[in-house]
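The structure under discussion appears below in the form of structure tokens.
The values are calculated or read from the model by the stated rules, or taken from the named source; none is laboratory data. Please read these numbers as outputs of a predicted model, since none were measured by experiment. Cβ placement follows ideal geometry from the backbone for every residue including glycine, while neighbour counts extend to all protein chains displayed.
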Amino acid sequence: MILPRGVAQPVELTKRLNALAPLPTGVVKWRYTIENDWSGDPAIFFWITLSDEAARPAVLSQNSRRIMDFITQQLDPMGQWDLIPYFSFRSQSEQENLKEEVFG
């Protein structure tokens, strides 16, 4: 079985992810995990906390698309690392209320 590059070369992937900084305006915090998705395919999950302003309903779609595009264009998770990207967004105030560790 051939390992996806993102799994076989975790140090290189971490360097590329760290090189993404700074992320687009509106990102308060972000983290990622690498694991299989629900179907068993290798994936990278991005957990992104947005400022409350960036998460307003009127601009959330535009801001989340801009951030997803930035990450996928800079990193190319599928093409360069053989990882399917998944993105989850949450506002800063929502995270403060829920305090889920996965969002940091």
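Key figures for this structure:
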| read-out | value |
| --- | --- |
| Contacts under 8 angstrom Cβ, first residue in the stretch 29-48 being without any contact (Cβ under 8 Å) to a residue 40 or more places away in the chain and under 19 Å from residue 71 (Cα atoms), partner surrounded by 11 or more Cβ atoms within 10 Å (Cβ to Cβ) and among the aromatic types (Phe, Trp, Tyr), 6 or more apart | 32/45; 32/46; 32/47; 35/45 |
| Residues of the stretch 1-28 satisfying the condition of being exposed (fewer than 15 other Cβ atoms within 10 Å of the Cβ), farther than 17 Å from residue 65 by Cα and not hydrophobic (A, V, I, L, M, F, W, C) | 9, 10, 12, 14, 15, 18 |
| Matching residues, the stretch 73-93, being in contact (Cβ under 8 Å) with a residue 60 or more places away in the chain and buried (at least 16 other Cβ atoms within 10 Å of the Cβ) | 77, 81, 82, 83, 92 |
| Pick from the stretch 51-72, criterion closer than 15 Å to residue 23 by Cβ and aliphatic (A, V, I, L, M), ranking: surrounded by the fewest Cβ atoms within 10 Å (Cβ to Cβ) | 68 |
| Members of the stretch 30-82 that are touching a strand residue (DSSP E or B) at 6+ places or on another chain (Cβ under 7 Å) and assigned to a loop (DSSP other than H, G, I, E, B) | 37, 41, 51, 52, 55, 82 |
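Results for (1) more than 10 Å from the chain's Cα centre (by Cα); (2) more than 16 Å from residue 88 (Cβ to Cβ); (3) modelled with pLDDT of 95 or more; (4) of a type in the set (Phe, Trp, Tyr), shown as yes or no for each residue.
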| position | (1), (2), (3), (4) |
| --- | --- |
| 18 | yes, yes, no, no |
| 31 | no, no, no, no |
| 37 | yes, no, yes, no |
| 43 | yes, no, yes, no |
| 54 | yes, no, yes, no |
| 58 | yes, yes, yes, no |
